[in-house]
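> Below are the structure tokens for one structure; questions will follow.
The values are calculated or read from the model by the stated rules, or taken from the named source; none is laboratory data. Note that this is a predicted model, so its numbers are computed, not measured. Cβ atoms come from the backbone with ideal geometry, glycine included; neighbour counts cover every protein chain shown. Accessible surface areas use protein heavy atoms only, side chains included; no ligands, DNA or RNA. Shrake-Rupley method; radii C 1.70, N 1.55, O 1.52, S 1.80 Å.
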Amino acid sequence: MKVLVVGGGGREHAIVWALSKSRKADQLFCAPGNGGIASLAECIPIKATDVEVMVAWAVSHAIDFVVVAPDDPLALGMVDAMEAAGIPAFGPRANAAIIEASKVFSKNLMAKYHIPTAKYNTFTDMDAALSYVREQGAPIVVKADGLALGKGVIVAQSVEEAEDAVRSMMADKRFGEAGTRLVIEECMTGPEVTVLAFCDGEHVVPMPSSQDHKRAFDGNKGPNTGGMGAISPSPNYTPEVAERCMKEIFLPTVAALKAEGRPFHGVLYFGLMLTPDGPKVVEYNARFGDPECQAVLSLLESDLLDIMLACREGTLDQLDIRWKDAAACCLVLASGGYPGKYQSGYPISGLEKAGETAMVFHAGTRLDEDGQVLTAGGRVLGVTATGPALADAIDGAYSAAKHISFTDMQFRTDIGRV
């Protein structure tokens, strides 16, 4: 099969790497791809959000299967467009991808179907939102309704901070149209866990749990980022918690989407808080998380393409999906200044040496005319190691990362240890 993966970050590198091991994937393409993906697939210079051009290219090159990995093209309906053009695609249609594209939609869905989540209210009027913040007090959580590169959530520790968040989103348009509607909700407490799950519209197969580290700096301090590292599995996600999540959250969510005429095919991301009252949903995503994807897929033993085909065809229950009895750690190496302003275009050294003991997934890289790998983004690399125990995986990732260097490189030193 000729397979096209849409996207160009660390998540897509991990997906391409996993698909490269499939006995069915004869040719791999990635659009736009990056400096690391180029060693596994032919990179095509098309923006991930350019639905019309992407579909036309896929048709003209007789692509057999398309994997739409990022949130934006899913929300824009790229899966719908591919299917309309006669090309099977992995990922939810736009009417199901709305579970990530609109936090208002997802919160209302949870309320309607009694799926446990934080108490909340939604707002389109700034003055009403500010009044609600003052009434509720702090800590409190302010969320932009739409897609905001994983940064549209402010956990405000004071009323003043919450007010600033409301104004920055609604008046200053910090996240553009994504902030024209807000969700303001209670601040839940407890360990956070991510569970990615394969879905075929009816059946749900959870992957090993994972834990993202969103804050920029050690000790979970600093601004939110797209993710500075991830571990899998999470030590907090016990079999008892898993059973409860399946019964109270996973199955009810997929059933709710089906009942609403929005069957979900693809990867559904459950961001969970293990509160004193039990597990509750923090957020949904309509695709693999990044960098959780890198950690989790490094543990997959089964053929990823077989799984993706089953998700589309509704036959997920017929597969026996196998995972390594091991742990994984993905350490993100970022550009200095990220998630704020940063410089790029710096040469990266040590990739080959690091790759001897770990997988080095490229997130923000490009190749120059001489084939040198250069930095080209905020999150640059995801150094991912596995081991028999979590401590081994963490040590492996940090040991491999010691070989890599580029100007102004920054990373957290406590991934998996907080």
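> Within region 382-418, how many residues are touching a strand residue (DSSP E or B) at 6+ places or on another chain (Cβ under 7 Å), assigned to a loop (DSSP other than H, G, I, E, B) and open to solvent by 40 Å² or more (accessible area, probe 1.4 Å)?
3
> Here are the criteria: (1) among the aliphatic types (A, V, I, L, M); (2) out of contact with any His (no Cβ under 7 Å at 6 or more places or on another chain); (3) in contact (Cβ under 8 Å) with a residue 12 or more places away in the chain; (4) under 24 Å from Thr365 (Cβ atoms). Tell me which single one Ile37 does not satisfy.
(2)
> Tally the residues that are in contact (Cβ under 8 Å) with a residue 24 or more places away in the chain and either under 15 Å from Gly179 (Cβ atoms) or assigned to a loop (DSSP other than H, G, I, E, B) (or both), restricting the search to region 116-125.
So the first thing to find is which residues in region 116-125 are in contact (Cβ under 8 Å) with a residue 24 or more places away in the chain, and the list is 116-124.
Those still in the list that are either under 15 Å from Gly179 (Cβ atoms) or assigned to a loop (DSSP other than H, G, I, E, B) (or both) too: 116, 118-119, 122-124.
Of the residues in that region, 6 qualify.
To keep it simple, each residue is scored yes or no on (1) without any contact (Cβ under 8 Å) to a residue 40 or more places away in the chain; (2) assigned by the TED database to the domain that holds His213; (3) closer than 30 Å to Val204 by Cα.
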residue: Leu305; (1), (2), (3): no, yes, yes
residue: Met308; (1), (2), (3): no, yes, yes
residue: Cys311; (1), (2), (3): no, yes, yes
residue: Gly340; (1), (2), (3): no, no, no
residue: Ser344; (1), (2), (3): yes, no, no
residue: Thr357; (1), (2), (3): no, no, no
residue: Val360; (1), (2), (3): no, no, yes
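> Being part of a helix (DSSP H, G or I), among the basic types (Lys, Arg) and surrounded by fewer than 20 Cβ atoms within 10 Å (Cβ to Cβ) is the requirement here; does Lys353 meet it?
yes
> Every residue in region 271-314 that is in a helix (DSSP H, G or I), in contact with a strand residue (DSSP E or B) (Cβ under 8 Å, 6 or more places away or on another chain) and open to solvent by 10 Å² or more (accessible area, probe 1.4 Å), please. Quick ask: steps written out before the conclusion?
Taking region 271-314 and keeping what is in a helix (DSSP H, G or I), we get 292-297, 304-313.
If we keep only those that are in contact with a strand residue (DSSP E or B) (Cβ under 8 Å, 6 or more places away or on another chain) too, we end up with 292-296, 305, 307-313.
Passing the criteria: Leu309, Arg312, Glu313.
> Sticking with this one: If you check Ser232, Ser209, which single one turns out to be out of contact with any helix residue (DSSP H, G or I) (no Cβ under 6 Å at 6 or more places or on another chain) and closer than 25 Å to Thr189 by Cα? Before you say what the answer is, go through the steps one by one.
Details: Ser232 fails: out of contact with any helix residue (DSSP H, G or I) (no Cβ under 6 Å at 6 or more places or on another chain).
Checking each option against the conditions leaves just Ser209.
> List the pairs whose first member sits in region 251-262 and is in contact (Cβ under 8 Å) with a residue 40 or more places away in the chain, whose second member is assigned to a loop (DSSP other than H, G, I, E, B) and surrounded by fewer than 14 Cβ atoms within 10 Å (Cβ to Cβ), and whose Cβ atoms are under 9 Å apart, counting only residues at least 6 apart or on separate chains?
Pro252/His114
> Okay, moving on. Mind checking which residues of region 85-96 are under 21 Å from Leu305 (Cα atoms) and of a type in the set (A, V, I, L, M)? Give the derivation first.
Of all residues in region 85-96, those under 21 Å from Leu305 (Cα atoms) come to 85-93.
Within region 85-96, Ala85, Ile87, Ala89 meet the criteria.
> Only one of (1) outside any loop (DSSP other than H, G, I, E, B); (2) of a type outside the set (S, T, N, Q); (3) farther than 17 Å from Asn285 by Cα is not met by Asp172, so which one is it?
Going through (1) outside any loop (DSSP other than H, G, I, E, B); (2) of a type outside the set (S, T, N, Q); (3) farther than 17 Å from Asn285 by Cα one by one, Asp172 breaks only (1).
A quick yes/no check of all residues on (1) on the phi > 0 side of the Ramachandran plot; (2) of a type in the set (D, E, K, R):
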site	(1), (2)
Gly261	yes, no
Gly278	yes, no
Gly314	yes, no
Asp320	no, yes
Gly336	no, no
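> Counting only residues that are in a loop (DSSP other than H, G, I, E, B) and in contact with a helix residue (DSSP H, G or I) (Cβ under 8 Å, 6 or more places away or on another chain), how many does region 316-329 have? Break it down stepwise before answering.
The initial filter retains those residues of region 316-329 that are in a loop (DSSP other than H, G, I, E, B), namely 319-322, 324-326.
So of that shortlist, the ones also in contact with a helix residue (DSSP H, G or I) (Cβ under 8 Å, 6 or more places away or on another chain) come out as 319, 321, 326.
The qualifying residues number 3.
> So which of Thr225, Thr189, Thr238, Thr253 is farther than 26 Å from Leu305 by Cα, open to solvent by less than 10 Å² (accessible area, probe 1.4 Å) and polar (S, T, N, Q)?
Values: Thr189 fails: open to solvent by less than 10 Å² (accessible area, probe 1.4 Å); Thr238 fails: open to solvent by less than 10 Å² (accessible area, probe 1.4 Å); Thr253 fails: farther than 26 Å from Leu305 by Cα.
Just one listed residue meets the conditions, Thr225.
Listed here are the residues, each with its yes/no results for (1) open to solvent by less than 50 Å² (accessible area, probe 1.4 Å); (2) not in a strand (DSSP E or B).
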site	(1), (2)
Leu331	yes, no
Tyr338	yes, yes
Lys341	no, yes
Val380	yes, no
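> Taking region 126-169 as the region of interest, how many residues are touching a residue at least 60 places away in the same chain (Cβ under 8 Å), closer than 14 Å to Pro223 by Cα and not in a strand (DSSP E or B)?
Result for region 126-169: 3.
> It is to be established whether one or more residues within region 369-377 are free of Cβ contacts under 8 Å to residues at least 12 places away in the same chain, out of contact with any helix residue (DSSP H, G or I) (no Cβ under 7 Å at 6 or more places or on another chain) and open to solvent by less than 70 Å² (accessible area, probe 1.4 Å). Lay out the reasoning, then the answer.
Within region 369-377, the first condition is being free of Cβ contacts under 8 Å to residues at least 12 places away in the same chain, and the residues that meet it are 369-371.
Applying the additional criterion that residues be out of contact with any helix residue (DSSP H, G or I) (no Cβ under 7 Å at 6 or more places or on another chain) yields 369-371.
Filter again for open to solvent by less than 70 Å² (accessible area, probe 1.4 Å), leaving 371.
Checked region 369-377: at least one residue is free of Cβ contacts under 8 Å to residues at least 12 places away in the same chain, out of contact with any helix residue (DSSP H, G or I) (no Cβ under 7 Å at 6 or more places or on another chain) and open to solvent by less than 70 Å² (accessible area, probe 1.4 Å).
> From the list Ala31, Ala48, Ala81, Ala96, which one is part of a loop (DSSP other than H, G, I, E, B) and modelled with pLDDT of 95 or more?
Numbers: Ala31 fails: part of a loop (DSSP other than H, G, I, E, B); Ala81 fails: part of a loop (DSSP other than H, G, I, E, B); Ala96 fails: part of a loop (DSSP other than H, G, I, E, B).
Ala48 is the lone residue from the list that is part of a loop (DSSP other than H, G, I, E, B) and modelled with pLDDT of 95 or more.
> Okay, moving on. Only one of Val79, Val51, Val104 is of a type in the set (A, V, I, L, M), touching a helix residue (DSSP H, G or I) at 6+ places or on another chain (Cβ under 7 Å) and surrounded by 18 or more Cβ atoms within 10 Å (Cβ to Cβ); which?
On the way: Val79 fails: touching a helix residue (DSSP H, G or I) at 6+ places or on another chain (Cβ under 7 Å); Val104 fails: touching a helix residue (DSSP H, G or I) at 6+ places or on another chain (Cβ under 7 Å).
After ruling out the rest, the residue left standing is Val51.
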